[in-house]
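Read-outs: derived from the displayed coordinates by stated rules, not from any lab. Since this is a predicted model, take the numbers as computed values, not measurements. Cβ placement follows ideal geometry from the backbone for every residue including glycine, while neighbour counts extend to all protein chains displayed.
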Amino acid sequence: MTRSRFSPISGGVGLLAGLCLVGCSPAAAPITPDQSARLSPADPRLAGLYATSCKTCHTIAGSGAPLAGDIAAWKPRLQQGMPTLVDHTVQGFKAMPAGGQCAGCSADDYRALIAFMSGPEKR
């Protein structure tokens, strides 16, 4: 399994920081699909994986997928725990296809991509 290069230092928000921001901050302002579409992971490799798989659904309102950067929409999902979210991604869940259409993603990649989409990316 490869290690993800996603780190708070490179401009992303780690899962723990994202969880605290979700649970510790006042209600976040809603994000628009246009704002969501402009977000991208700071790590170039993850940005490529995101652009070719996750972004397809996670920037479209009404797709059933929570928008990338929409803290309120991700909050109940994060409460299920990262292992459940990774399992949903790998196995498929509701309208999400198995693997999230990312044949090259490892479990670490999925964790980093979920952390990116669920937390406030540095803008």
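Observations, loosely collected:
- When Asp43, Asp108 are sorted by how many other C-beta atoms sit within 10 angstrom of their C-beta, beginning with the fewest, the order is Asp108, Asp43.
- Exposure proxy for Ser118, Ser53, Ser106: other Cβ atoms within 10 Å of each Cβ, ordered fewest to most, give Ser106, Ser53, Ser118.
- C-alpha center-to-center spacing [region 27-65, region 69-123] in angstrom: 11 Å
- Region 40-123 shape via C-alpha gyration tensor axes, a/c threshold 1.5: rounded
- Net charge, Thr84 excluded, C-beta distance under 15 Å - Lys, Arg +1, Asp, Glu -1: +3
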